[in-house]
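**Q** Please read through the structure below; I'll follow up with questions.
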Amino acid sequence: MALTLRHLTLLSVSPPPTKTLTLTRLLRPAPISLFASRTTTNKHSSISAMASAARMVLVPIANGTEPMEAVMTIDVLRRGGADVTVASVENQLPVNACHGVKIVADALISDCADTIFDLISLPGGMPGAAVLRDCKILESMVNKQAADGRFYAAVCAAPAVALGSWGLLKGKKATCYPSFMEQLSSSAITVESRVQKDGNVVTSRGPGTTMEFAVALVELLFGKDKADEVSGPLVMRPNPGAEYVVHQLNPMEWTFNNCPKILVPVANGSEEMEATIIIDILRRAKAEVVVASVEEKLEIVATRKVKLVADVFLDEALNSSYDLIVLPGGLQGAQTFAKTEKLINLLKKQKEANKPYGAICASPAHCLEPHGLLKGKKATGFPPMCDKLSDRSEIENRVVVDGNLITSRGPGTSMEFALAIVEKFFGREKALELAKTVLVVNA
């Protein structure tokens, strides 16, 4: 059956005179088109698209998997109500994903071999996609998935490297990361859609298209209404592929020696998409990022039960000074940050020294505001929580920089937030180059 496609509507007011960072105010968009769809009848799609029952989903991960793609897929599908199993194709549950992000799987792939899944979705990243390709258990599972008419999906390098190599895209329209399109052309009908559906397979291009990809998978499994319900709180980009924009007040230079040293605290209940995107993007920019657990264990369980492993405990992190301290959101995590006296004292010293600090989603309202860390500052945050901000004059902006403070709204603004940090340290040119690499901005 052909799924209902939704159209993009963007409403904006004209930006003010150009600054280093420009302001664009975006009104709430209509639901966005999730994927290009080629209608192909199969025995499963007629019942799966609108079903409301829980759906079983497998997301395999490997050393070298792209963490943004894995975590966004897992998080968004769990928000939609899917029962997602994160399976390691390695010999152990912990996986060393790209850019030093450590993810702990729920199970080994061998434990999942006899389970029937409604969807198997492969993240990209290299060499992760090649490791997935070479896993015989996974290859057998996805081949059976396709033969039985159940859904399978892949993003970034994985459509070309894994699905194409297994012969599962023959005669189908598919897309992938731009540098793998030539390889994909030997095994599929290549298209440049951000998300492409053909029958029971869905493919997408890279980190900057993964949230759209994941919401498309929610629509595939649960229907359009559920996809709309999930996508709203994500605060997704209303204009995918366009240049990101930031609202800047009281401009100041953010300085560093050699390379920026950035502290990213994490806690149980931190929002995993926000944490992972911030860490990944900043490390791609060659910043030194220290991920510090404020819990009693290095391994934290994030909002949607993704298990991430920090680099150090907060006490060890306190021995260094930082060019930026930045807090991911997630309500429980933000509340834990607010109760962590050592972290609050560090943030207060950062503010008093006029050094950069920032927060996204729940953390501006539930951590910075209660401790006076937004006093005299303009900020934004997660829309339903902005009523807790004492100054709400700039809350409609996706990213706000006020001098040494940077804030943002939610998972769907996390890439823009991280890129704005890159811009403040390294300049607009490098930030745009990185934005194009991760497909936030069209090349």
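The values are calculated or read from the model by the stated rules, or taken from the named source; none is laboratory data. All figures in this text were calculated on a predicted structure; none of them were measured in a lab. A quick note on method: Cβ atoms are made from the backbone with ideal geometry, for glycine too, and the neighbour counts reach across all protein chains shown. Calculation scope for accessible area: heavy atoms of the full protein, side chains included, ligands and nucleic acids excluded. Shrake-Rupley method; radii C 1.70, N 1.55, O 1.52, S 1.80 Å.
**Q** Calculated from the structure, log10 I(q)/I(0) by the Debye sum over Cα atoms at q = 0.05, 0.07, 0.10, 0.13 Å⁻¹ equals which of [x] -0.20, -0.39, -0.78, -1.24; [y] -0.20, -0.38, -0.73, -1.11; [z] -0.16, -0.32, -0.66, -1.10?
**A** Label of the calculated value: [z].
**Q** How much length is gained if the chain between residue 430 and residue 339 is pulled fully straight, taking 0.36 nm per residue apart and subtracting their Cα-Cα distance, in nm to one decimal?
**A** Gain on stretching residue 430 to residue 339: 29.1 nm.
**Q** List the aspartates and glutamates whose alpha-carbon lies under 15 Å from that of residue 297, not counting same-chain residues fewer than 8 positions away?
**A** 311, 315, 316
**Q** Find out how many positive minus negative residues lie around residue 322, taking Lys and Arg as positive, Asp and Glu as negative, among other residues whose Cβ is under 9 Å from that of residue 322.
**A** Details: positive: 261, 355; negative: 323.
So the environment of residue 322 carries a net charge of +1.
**Q** Spelling out what I want: for every residue of segment 346-354, take phi, set θ = phi - 60°, compute 6.51 cos²θ - 1.76 cosθ + 1.60 (Karplus), and round to whole Hz; glycine and proline get x.
**A** Working through the residues one at a time gives 5, 5, 5, 5, 4, 5, 5, 7, 6 Hz.
**Q** Here is a further query. All other residues with a Cβ under 11 Å from the Cβ of residue 66 taken together, and with Lys, Arg as +1 and Asp, Glu as -1, what is their net charge?
**A** Computed value for this residue: -1.
**Q** Right, something else. If the cut-off is a Cα-Cα distance under 13 Å, which aspartates and glutamates reach residue 170, setting aside same-chain residues fewer than 8 apart in sequence?
**A** Cα-Cα hits under 13 Å: 198.
**Q** Continuing with this model, one more query. Under 20 °C and 1.002 mPa s, how fast does segment 302-433 diffuse according to Stokes-Einstein, given a Kirkwood radius computed over C-alpha pairs? Answer in µm²/s, whole number.
**A** 142
**Q** In whole angstrom, how far apart do the alpha carbon centroids of segment 135-176 and segment 389-427 sit?
**A** If we compute the Cα centre of each part, the gap is 38 Å.
**Q** I would also like to ask the following. Helix 67-79 against the longest principal axis of the chain: what's the angle in degrees, Cα atoms only, rounded to the nearest 10?
**A** Helix 67-79 and the main axis of the chain meet at about 80 degrees.
**Q** Could you name the aspartates and glutamates whose alpha carbon sits less than 12 Å from that of residue 307, not counting residues in the same chain fewer than 8 places away?
**A** Within the straight-line cut-off, residue 307 pairs with 75, 106, 271, 272, 299.
**Q** For the chain, with only Lys/Arg (+1) and Asp/Glu (-1) charged at the beta-carbon, what is the dipole magnitude about the Cα centre, in debye rounded to 20?
**A** Dipole magnitude for the chain comes out near 800 debye.
**Q** OK, next. Through the Karplus equation 6.51 cos²θ - 1.76 cosθ + 1.60, θ set to phi - 60°, convert the phi angles of segment 193-206 into ³J(HN,Hα) values in whole Hz; use x for Gly and Pro.
**A** 4, 5, 9, 10, 10, 9, x, 9, 10, 10, 10, 8, 9, x
**Q** Around residue 237, what is the net charge, scoring Lys/Arg as +1 and Asp/Glu as -1 over all other residues with Cβ under 10 Å from its Cβ?
**A** -1
**Q** For the Cα atoms of the chain, what angle does the longest principal axis make with the long axis of helix 224-234, in degrees from 0 to 90, nearest 10?
**A** With rounding to tens, the tilt is 20 degrees.
**Q** Same structure, new question: Pull out the extension gain between residue 305 and residue 396, defined as 0.36 nm times the separation in residues minus the alpha carbon to alpha carbon distance; nm, one decimal.
**A** 29.8 nm
**Q** Follow-up question, since we're still on this one. Report, to the nearest 10°, how far helix 414-426 tilts away from the longest principal axis of the Cα atoms in the chain, using its own Cα long axis and a range of 0 to 90°.
**A** The helix 414-426 is inclined about 50 degrees to the chain.
**Q** Further, regarding this structure: Residue 293's amide H: which non-local residues (gap 5+, or another chain) put their own amide H closer than 5 Å, with H modeled 1.01 Å from N in plane and none for Pro or chain starts?
**A** 266, 311, 312, 313, 314
**Q** Too long at a 21 Å Cα-Cα cut-off: which of 339/424; 144/172; 377/424; 286/378; 339/378; 224/436?
**A** Working: 339/424 29 Å; 144/172 17 Å; 377/424 18 Å; 286/378 29 Å; 339/378 23 Å; 224/436 29 Å.
Correct reply: 339/424; 286/378; 339/378; 224/436.
**Q** Would you work out what percent of the accessible area of the chain, with all protein chains in place, is carbon or sulfur (probe 1.4 Å)?
**A** In the chain, the share of accessible area belonging to carbon and sulfur is 50 percent.
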